[in-house]
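Encoded as structure tokens, the structure appears first; notes follow it.
Each value in this text was obtained by applying a stated rule to the coordinates, not by laboratory testing. In this text, all values refer to a predicted model and were calculated from it rather than measured experimentally. As a convention, Cβ positions derive from the backbone with ideal geometry for all residues, glycine included, and neighbour counts pool all protein chains shown.
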Amino acid sequence: MEKIYGDLKGLKTSQVKALQRIYHQRLPIDRVTTPEFAQRLAAVSTDINQAVCAYVDRRGHVIRVGVGSPHQTQIPVLELPRYGAERLCGIRCIATQLKIEPPSHSVLTAMAVQRLDAIALLTLTGTGFTRKGGGATGYIREGYLAHLVPHPEVQWAVSEPLSLDELDQQDFLDLAEGLEEEFRRVFVAQQVDTDHERVVIAGLMTDQMDEATFKNGLQEVARLVETAGGDVLQTLTQKRSRPHPQTVLGAGKVSDIALAVQTLGANLIVFNRDLSPAQIRNLEKRIGVRVVDRTELILDIFAQRAKSGAGKLQVELAQLAYQLPRLTGRGQAMSRLGGGIGTRGPGETKLETERRAIQKRLSRLQQEVDQLQAHRARLRQRRQHHSVPSVAIIGYTNAGKSTLLNRLTDAKVYAADQLFATLDPTTRRITIADEQADHSDGPRSLVLTDTVGFIQDLPPALMDAFRATLEEVTEADALIHVVDAAHPAWQAHIRSVMGLLAQMPVAPGPILLVFNKLDQASTDALELAKDEYPQAVFISAVNNLGLDTLRQKVLQLVDYAVAS
């Protein structure tokens, strides 16, 4: 039986059957609608005193009938045919409305989100004639024809009011094919790089955030997207007292995001916060493209950056720990009973099977991480046995830790202006000539370890998985905390790093604060930093400025750590 979509509450059986009979109609392929079809919709719409929508494919078949506006009855994006940014979906909507007004923004947005070929909006007014058996039939006063246009600033075009005869004379096939040809030319001219994700960033600002923190967080997400290999096309934000439990953002903003996705040809939405599996599922259903949260984005970058076996091991452990509670968000495929040899019997679901497999893999990875942890502990004990002091270089991601290690030790570690450019810790020996007069033992040796960069709200899965690496921080005799003095949020970065250090199971040793990128920082920022942290060292690792002073300060720091 043909399904009627929308709100059917209060409809009589005869009215539902009248709606179902719309499915039996067929339209010419070269006409938006016909007077006969339009009047049939008008009759049903007037009888139920509600708007009615009929969705028609290019063969003229009615494929969906709904009660309500095009916004209320739209086809879920995931159920639509996907032809890419250069094509329309091959479906037009013929809808009635009871008010005399042009298509509303919600109607046009629904058209854009679905990439409909066109919308014909028919306005009903008064009563026309009385049919046999009673019941008034409305007539069509006028209609509007709306369609998308391939223009970066104007998403759609709406006709002037048209009579039913004028609407009937529109050559629909010529219109649809002409639009697709224009879309195709624009698509080719843009030279879309298929190797890069085309990303729209979505941000929610709650009452617990201040404006500066929110903006810095969005900029950081944009840097993360670029680091992961994506192109940020647009950033959309909303301010709410608290996140919407189902979609994080309000329904109107979700529609705006869906519109931006269709207009810009985006294929990924990145949120500035963590999302629940249900929220991801709801958002993907409404927007029609993949949705990831901040944690998943960071995990993806870590997966790209991990080069050593230890790094890959820890990244996989973090990814599986993240995925395990989110398996239920992957749709019906995870809840079907297994089929085939080895899956019959007790009726274990695919979800249970995959969850069990992940738990087994997690247990094995956990054992390997424990072995890695023990191996690093033996290396540290060997250094301690030879009385070689160790210093760990820590700091917010992209503060310049790897560049500093290269300058001090000639380590040749990969360094770039990227977030998490290096992931695997690197340990190098350094010899420093002690310039203090009361020392006569000559040059002194110690080891420097470059650690993984910290970030605000570091995902718990990463904290746990990388404990073997982070122990290099807690077991070091002293720490060099590198700060990007040129970053506008350097104070927040310091707080984030110190907050993460406070979560370590073992309190770290003494810390030397080092402000890097002296050559790029503003005078005001440097003066503020010197006032707040008079004991800090100011350097430019790239330009080799202040490194001699840093070396002597490191020796003093190690002496203090050993003495205490």
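What the table shows:
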item	result
FRET efficiency for Ala563 and Leu528, using Cβ-Cβ distance with R0 set to 41 Å, rounded to 0.05	0.80
Relative packing of peptides 105-117, 88-100 - highest average C-beta neighbours within 10 Å first	105-117, 88-100
Radius 13 Å from Cβ of Ser69, net charge of other residues (Lys, Arg +1; Asp, Glu -1)	-1
Approximate spin-label separation Leu362-Ala278, in nm, with each point projected 7 Å along Cα-to-Cβ	2.1
Point-to-point label distance, Ala502-Ala416, nm (Cα→Cβ direction, 7 Å offset)	3.5
Protection-proxy order for peptides 390-398, 416-424, each taking the mean of Cβ atoms within 10 Å per residue, highest first	390-398, 416-424
Cβ crowding within 10 Å averaged over residues, with 365-371, 522-528, 474-480 ranked highest first	474-480, 365-371, 522-528
Nearest-20 debye value, the stretch 197-292 charge dipole, Cβ charges on Lys, Arg, Asp, Glu	340
Extension reserve of the Glu211-His24 stretch, reckoned as 0.36 nm per residue once the Cα distance is removed	61.7 nm
Three-way shape call for the stretch 197-292 based on the alpha-carbon gyration tensor, with the a/c threshold at 1.5	oblate
Which listed pairs, of Lys12/Lys99; Lys285/Lys307; Lys215/Lys517; Lys285/Lys360; Lys9/Lys239; Lys307/Lys360, have C-alpha distances above 29 Å, in listed order	Lys285/Lys307; Lys285/Lys360; Lys9/Lys239
Lys, Arg +1 and Asp, Glu -1 on Cβ, resulting dipole of the stretch 383-563 about Cα centre, debye, nearest 20	300
Straight-distance crosslink candidates among aspartates and glutamates, where the alpha carbon sits under 19 Å from Lys530 and sequence neighbours closer than 8 are dropped	Asp484, Asp519, Asp548
Size of charge dipole - the stretch 1-120 - debye, nearest 20, with Cβ of Lys, Arg +1 and Asp, Glu -1, no other charges	240
